[in-house]
1. Conditions: (1) touching a residue at least 24 places away in the same chain (Cβ under 8 Å); (2) of a type outside the set (Asp, Glu); (3) touching a strand residue (DSSP E or B) at 6+ places or on another chain (Cβ under 9 Å). Val87 meets all but one. Number of the miss?
2. Quick check: anything in region 8-18 part of a helix (DSSP H, G or I), over 10 Å from the mean Cα position of the chain (by Cα) and basic (Lys, Arg)?
3. Got a sec? Which of Ala9, Ala43 is more than 23 Å from Glu92 (Cβ to Cβ) and hydrophobic (A, V, I, L, M, F, W, C)?
4. Please enumerate the residues belonging to region 1-43 that are closer than 30 Å to Gln96 by Cα and either touching a strand residue (DSSP E or B) at 6+ places or on another chain (Cβ under 7 Å) or among the small types (Gly, Ala, Ser) (or both).
5. Considering each of Val71, Val87 in turn, give the residue that is surrounded by fewer than 13 Cβ atoms within 10 Å (Cβ to Cβ) and under 18 Å from the mean Cα position of the chain (by Cα).
6. Just the residues that are surrounded by 15 or more Cβ atoms within 10 Å (Cβ to Cβ) and either under 16 Å from the mean Cα position of the chain (by Cα) or without any contact (Cβ under 8 Å) to a residue 12 or more places away in the chain (or both), please, taken from region 27-42.
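Readers should treat all values here as calculations from the given coordinates under stated rules, not as data from a laboratory. Computed from a prediction, not measured in an experiment: that's the story for all the values here. FYI the Cβ positions are ideal-geometry reconstructions off the backbone, even for glycines, and counts take in every protein chain you see.
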Amino acid sequence: MSIRAIDRASSGLQLASRRLEASAHDSANALTDGFRRVDVTGAEAAAGGVTPRVTTAPADAPSADPVADVVARKTTAVLYRANLAVVKAADEMTGQVVDLVG
């Protein structure tokens, strides 16, 4: 059971990483001519967890949105901490089971 939790939380950590990469990409390229923002969302994976889904903004969408960049980073930090807490809890449970079994 805890192995599945770690796998699912790991996919959440990967999603958080991709979202942070996208936010950094958007910030770094915001003033580049012809730049289009990217967005990363999570799609439910068949085996559980999430799969990152990357989309590119339409050509007529604004390229610079510093508020959206800050919100994305804050949201990503919460996502990362929540999934890391799941990994830690699963690791502790596994350790307790091993201690009980001896």
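1. Against the list (1) touching a residue at least 24 places away in the same chain (Cβ under 8 Å); (2) of a type outside the set (Asp, Glu); (3) touching a strand residue (DSSP E or B) at 6+ places or on another chain (Cβ under 9 Å), Val87 comes up short only on (3).
2. yes
3. Ala43
4. Residues satisfying the conditions are Ser2, Ala5, Ala9, Ser10, Ser11, Gly12, Gln14, Leu15, Ala16, Ser17.
5. Val71
6. Result: Val38, Asp39, Val40, Gly42.
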